[in-house]
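Okay, structure first, notes after.
Read the figures in this text as sums done on the coordinates, not as results from a lab. On a predicted model such as this, the values are computed, not experimentally measured, just so you know. Neighbour counts are summed over all protein chains in view; Cβ atoms, including those assigned to glycine, are modelled from backbone coordinates with ideal geometry.
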Amino acid sequence: MTSETPQPPPGRTSYADRRKQRLDALAAASADEEGGVSLILSAWRRLRRNPVFLVGLAITVTFVVLAIIAPWLAPYDPAARPLLDDIRPQSNPVPGPEPGHPLGGDDKGRDLLSRLLVGSQQTLMVGVLATLFGLLGGVTLGTIAGAFAGWTDSLVMRIVDVMLSIPSLLLAFTIAALASSPSQWTLIIAIATVQVPIFARLLRGSMLGQRASDHVLAARSLGVKPHAIVFRHMLPNALGPVIVQATLVLAVAIIDAAALSFLGLGNPDDRRPEWGQMLGAAQPYLGQEPHLAFYPAACIIVVALGFTLMGESLREALDPKTRR
Amino acid sequence: MLRFVVRRLLQMVGVLLVLSLLVFVWLRSLPGGPVSALLGERQTEARREALEQALGLDQPLPVQYVRFMQRALQGDFGVSTQVLPGEDALDIFLSRLPATLELSFFALVIAVALGIPLGYVAARRKGTALDTTTVIFSLVGVAVPVFFTAFLLKYFFAVEWNLLPVSGRQSIGLDATRVTGLFVLDGILTREWDAAWDALKHLVLPSLALATIPFAVVFRITRASVLDVLDEDYVRTAEAKGLTARVIRGRHVLRNAMLPVVTTVGLQVGALLSGAVLTETVFSWRGVGQALAEGFLQKDYPVLQVLIMAAAAIYVLVNLLVDITYALIDPRIRTR
């Protein structure tokens with residue numbers, strides 16, 4: 001008979017499927033109510049509806065996309081000097097806007113709009129690399145302190161305390177002043193070094209919290225090797241606050257780069273523009289041609305605001321005190 | 001309480017000792033070493049060796065460090081090479097200090113006087129237009145580079161609208177008696193009211209510029225802290241007991257909410273010190289910050305060494321004072 005074939009009747013499969021779906025939905029719903037979902041997922045649910053976060057995200061995404069497509073978008077080569085002939089040292093040191101150059105040129109006759117567009121690349125690079133290096137240094141120190149505890153922890157934390165005893169921007173100036181010839185890299189290293197103690201402190205704090213937690217105790221009693229406990233059980237769970245801090249540091253790095261350039265400690269090679277450097281270079285013309293400073297400053301402010309908004313709302317979303 | 005203070009003082013001495021070691025290492029790792037930094041362009045092999053011997057740089061490093069510390073404890077940090085050639089580095093710091101103290105003090109007063117009340121009001125009216133506006137303002141305030149804020153204020157209030165002086169600490173040609181080096185205070189002490197008023201006018205823009213970041217931070221901490229406290233059971237109890245709004249505000253909310261704010265204000269001294277470097281440069285304010293900026297630019301290492309050590313010492317000392325104040329307010333801290 002045809003009914004004895006192993007294929008189940010079509011009605012039964014769909015019933016089982018529907019039941020499974022219903023169970024899944026129920027599990028998801030109860031998890032939602034009881035807060036049983038992962039921290040990141042629940043944070044994302046709140047962030048999705050947070051206008052502050054969305055504005056920050058929109059600015060950041062625009063900035064990154066702009067930095068990627070800038071070379072195709074920019075009408076001129078940022079190092080070329082198409083407006084050189086318009087410069088009159090006495091009467092007209094900075095060429096104004098004209099057809100083809102909507103923002104005019106800078107003091108060397110280069111197209112300002114192109115420099116602003118391409119400048120997003122270097123600015124993004126300075127921000128990301130400084131944050132990344134600071135993060136690496138801080139995570140290394142923080143992991144050592146949090147993993148070994150005891151005297152290693154004390155030693156590392158005293159070093160961190162000393163670094164924190166110099167106001168951070170001042171420390172960045174001091175480190176940048178060490179370089180015999182300033183460059184993009186000395187700038188990045190100076191800004192990154194300042195962030196190391198902050199990251200280290202944060203990570204060490206949450207690593208120590210992890211040390212005392214039940215899942216680490218369980219892993220230890222199961223005989224998991226110490227390095228596996230540190231790298232698989234403690235570190236991944238302790239990274240949350242550090243990642244949030246990194247978002248905020250991106251903003252700080254871009255602003256600090258501008259401050260270093262302003263003091264003459266930035267990159268003197270201006271063929272590849274960076275916003276902080278452009279702002280620093282606009283110094284001599286502040287009185288007569290303030291727009292040279294306004295444009296790069298506005299870009300820095302908007303981008304720094306974007307990262308700050310994102311970082312602050314991330315911090316709020318991940319903070320257990322504000323989770324209701 | 002005494003034990004707490006002594007322990008914190010010892011910690012501070014430790015931090016400063018390690019810091020001196022770092023500054024020492026910093027000087028040794030300068031491009032080409034300290035001798036090149038001193039001789040600059042004039043260096044020859046013979047001069048190099050002579051100077052190295054004279055400075056004791058041919059001695060082993062630990063011996064050098066002990067000597068460095070001996071001289072430092074006697075206040076001898078060498079002479080300036082670039083900023084004011086020949087001038088004693090410590091004297092440069094001391095002569096510049098009053099200007100920076102005056103500027104930082106006014107900036108801190110502005111930050112606290114605006115930040116705390118606005119933070120409180122924003123927290124009480126959470127979600128209203130006032131709250132949103134002040135929060136946005138404080139976020140933007142942090143995103144603007146300090147020297148650009150300084151420049152904006154200078155450009156509009158001094159250059160465009162001509163309301164306030166463009167730069168400096170006092171109008172040129174004004175004959176004022178110096179007592180403390182704090183110009184406003186000097187004017188008041190000597191009853192030269194025109195001098196005090198003139199100095200005050202010069203102070204407005206730089207101290208406003210310097211105050212933006214501390215204001216934003218103090219505002220945000222106050223708002224967050226007041227919001228936390230308003231949720232506490234003891235505030236609800238106080239309300240249920242029918243206490244007046246004034247008593248609840250003063251005794252229950254503000255006193256508890258101020259604890260984190262006090263710490264934050266201490267930490268803002270750091271922002272003031274770094275901000276002074278930028279603000280003083282924009283306003284040609286002849287203080288420690290401007291000397292630092294010049295030192296960085298011209299690589300005047302003896303001056304930098306004094307100024308950095310002094311800045312760190314001030315920062316650590318202020319935070320020690322803050323911690324002691326904190327312990328006085330909150331007995332729980334002392335037992336730790």
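Per-structure values
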item	result
Ranked by how many other beta carbons lie within 10 Å on average, peptides B:129-139, A:249-259 from highest	A:249-259, B:129-139
Net dipole in debye of the stretch A:109-318 [+1 Lys, Arg Cβ; -1 Asp, Glu Cβ; about Cα centre; nearest 20]	640 debye
In nm, spacing of pseudo-spin labels at A:SER183 and B:LEU9 (7 Å Cα→C-beta vector)	4.9 nm
Sequence ranges A:62-72, A:136-146, B:116-126, ranked by mean other-Cβ count within 10 angstrom, highest first	A:136-146, B:116-126, A:62-72
In nm, spacing of pseudo-spin labels at A:ARG158 and B:LEU321 (7 Å Cα→C-beta vector)	2.7 nm
Shielding score for A:259-265, defined as the mean number of other chain Cβ atoms within 10 Å	5
Relative contact order (%) - criterion: Cα under 8 Å, at least six apart; region: the stretch B:99-335	26 percent
Label-to-label distance, nm, for residues given as B:MET69 and A:ILE40 (7 Å Cα→Cβ offset)	4.9 nm
Rounded tilt (10° steps) of B:45-54 against the dominant C-alpha axis of chain B	60 degrees
Selection from B:TYR301, A:CYS299, B:ALA327, by position along the positive dipole direction of the protein assembly as shown (Cβ)	B:ALA327
Cα pair distances exceeding 16 angstrom across the stretch B:237-336, given as percent	68 percent
Peptides A:118-130, B:237-249 ordered by average Cβ neighbours within 10 Å, highest first	A:118-130, B:237-249
Which listed pairs, of A:LYS108/B:LYS154; B:LYS126/B:LYS241; A:LYS108/B:LYS299; B:LYS126/B:LYS201, have C-alpha distances above 31 Å, in listed order	B:LYS126/B:LYS201
Calculated FRET value between B:VAL166 and A:ARG271, using beta carbons and R₀ = 25 Å, to 0.05	0.15
Neighbouring partner chain Cβ atoms per residue of A:271-282, average, 10 Å criterion	1
Length-normalised contact order for the stretch A:109-318 - Cα pairs under 8 Å, 6+ apart - percent	27 percent
Karplus-derived HN-Hα couplings along the stretch A:60-70 (A = 6.51, B = -1.76, C = 1.60, θ = phi - 60°), whole Hz, x at Gly and Pro	4, 4, 4, 4, 5, 4, 4, 5, 6, 8, 3
Stretchable slack from B:LEU61 to B:ARG124, in nm (0.36 nm times residue separation minus alpha-carbon distance)	16.7 nm
Using θ = phi - 60° and Karplus 6.51 cos²θ - 1.76 cosθ + 1.60, couplings along the stretch A:233-245 (whole Hz; Gly, Pro as x)	9, 8, 4, x, 7, 8, 6, x, x, 5, 5, 4, 4
Residues with amide H under 5 Å from that of B:GLY78, placed H, sequence gap 5 or more	B:ALA89
Full-extension gain in nm, B:LEU114 to B:TRP193, via 0.36 nm per residue minus C-alpha separation	25.8 nm
Check: the stretch B:139-284 dipole with +1 on Lys, Arg Cβ and -1 on Asp, Glu Cβ, in debye	420 debye
Unit charges at the beta carbon, dipole of the protein assembly as shown: most positive-side option, B:GLY187, A:ASN267, A:GLN245	A:GLN245
Positive-end residue, the protein assembly as shown charge dipole about Cα centroid, Cβ charges, pick of B:LEU227, B:VAL112, A:LEU57	B:LEU227
Dipole magnitude of chain B about its Cα centre (Cβ charges: Lys, Arg +1; Asp, Glu -1), debye to nearest 20	1440 debye
Tail beyond 29 Å, pair distance distribution of chain B (Cα, percent)	53 percent
Inter-chain shielding of B:134-146 (mean C-beta neighbours from other protein chains, 10 Å cut-off)	5
